[in-house]
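The values are calculated or read from the model by the stated rules, or taken from the named source; none is laboratory data. Owing to the predicted nature of the structure, the values given are computational and were not obtained by experimental measurement. Using ideal geometry, Cβ is built from the backbone for each residue, glycine included, and neighbour counts are taken over all protein chains shown. These accessible areas exclude ligands, DNA and RNA; they are computed on the full protein's heavy atoms, side chains included. Shrake-Rupley method; radii C 1.70, N 1.55, O 1.52, S 1.80 Å.
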Amino acid sequence: MKIDPLLGTEKDFENLIKSAKKKGISIILDGVFSHTGDDSVYFNRYRRYGDGGAYNNFDSPYHSWYKFNRFPDSYCAWWGVPSLPETIEEDSSFNEFINGENGVIRHWLKKGVMGWRLDVADELPDCFLDNIRNAVKAGGEDKFLLGEVWEDATNKISYGVRRRFLRGKQLDSVMNYPFANAIIDFVKGGNSRDLIDTVLDILENYPTPAIKVLMNHIGTHDTARIITRLATDDSPSDRAAQAS
């Protein structure tokens, strides 16, 4: 709910939004809701914020946000990374904090942002995504909701179910990783037929409104830089290999 002082003040943020609008640019924020940092005020593993927080106090108002296997040292972490404790998105308190009338989503929409990009959207349960959409669209139907999904978002299966990201009333569109990978594979000597097939699959599978606002890219903060991918073999895909 606050801007890191390293980035500026809330007034600076409002001025950014106004300046961007003059150039026809809308600002959206990146929502990372599947996990927090272990050094956040909510988890507070290192007591930066006193004796509170889910890690230090079983009675903390944030304790129900996290899944402890054995309090306090054993807890579920995103991809097993201890510094990123996972949140329980179905928790009513957490949901209210993010999606409620005075929650994070609506707070920043009221400040002038035009939408949200959801980190690891395919790891968020449908009930939580539905609530995010309701919160975003409460600010107006023109407010935009973009999801991070690496595969074809129209037939993705996760949590044992076929997801409904683009079947109405959830995400407006997604990051277009299939297109990015097809382009890179082609440039690195791939078959033109494979590139055409991928593009046609996207155009045939995705709803037209989602196609018009796909986030097309050739690399993101989660991938090797394009110059690296073009100059070398593909980067290691598993965590152990990346760490080495």
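Looking across the stretch 69-81, the residues that are touching a Lys or Arg at 6+ places or on another chain (Cβ under 9 Å) and part of a loop (DSSP other than H, G, I, E, B) come down to Pro72, Cys76, Val81. Of all the criteria given as (1) of a type outside the set (Ser, Thr, Tyr); (2) over 19 Å from Ile28 (Cα atoms); (3) under 13 Å from the mean Cα position of the chain (by Cα), the one not satisfied by Asp119 is (2). Among the residues of the stretch 11-68, those identified as open to solvent by 40 Å² or more (accessible area, probe 1.4 Å), under 22 Å from Ile132 (Cα atoms) and part of a loop (DSSP other than H, G, I, E, B) are Ser26, Ile28, Val32, Tyr42, Pro61, Tyr62, Lys67. For the stretch 82-95, the set of residues classified as touching a Ser or Thr at 6+ places or on another chain (Cβ under 7 Å), polar (S, T, N, Q) and part of a helix (DSSP H, G or I) consists of Ser93 only. Residues satisfying the criterion are absent from the stretch 39-49 (criterion: acidic (Asp, Glu) and in contact with a strand residue (DSSP E or B) (Cβ under 6 Å, 6 or more places away or on another chain)). Filtered by the rule that a residue be farther than 19 Å from Leu214 by Cα, touching a residue at least 40 places away in the same chain (Cβ under 8 Å), open to solvent by less than 20 Å² (accessible area, probe 1.4 Å) and not in a helix (DSSP H, G or I), the stretch 96-130 gives a lone residue, Leu124.
The set of residues in the stretch 158-181 that are aliphatic (A, V, I, L, M) and over 19 Å from Val213 (Cβ atoms) contains only Val161. Keeping to the stretch 160-171, report how many residues are assigned to a loop (DSSP other than H, G, I, E, B) and either of a type in the set (A, V, I, L, M) or open to solvent by 20 Å² or more (accessible area, probe 1.4 Å) (or both). So the answer is 7. The residues listed here are Val174, Val149; of these, the one that is modelled with pLDDT of 95 or more, assigned to a strand (DSSP E or B), closer than 18 Å to Arg117 by Cα and open to solvent by less than 20 Å² (accessible area, probe 1.4 Å) is Val174.
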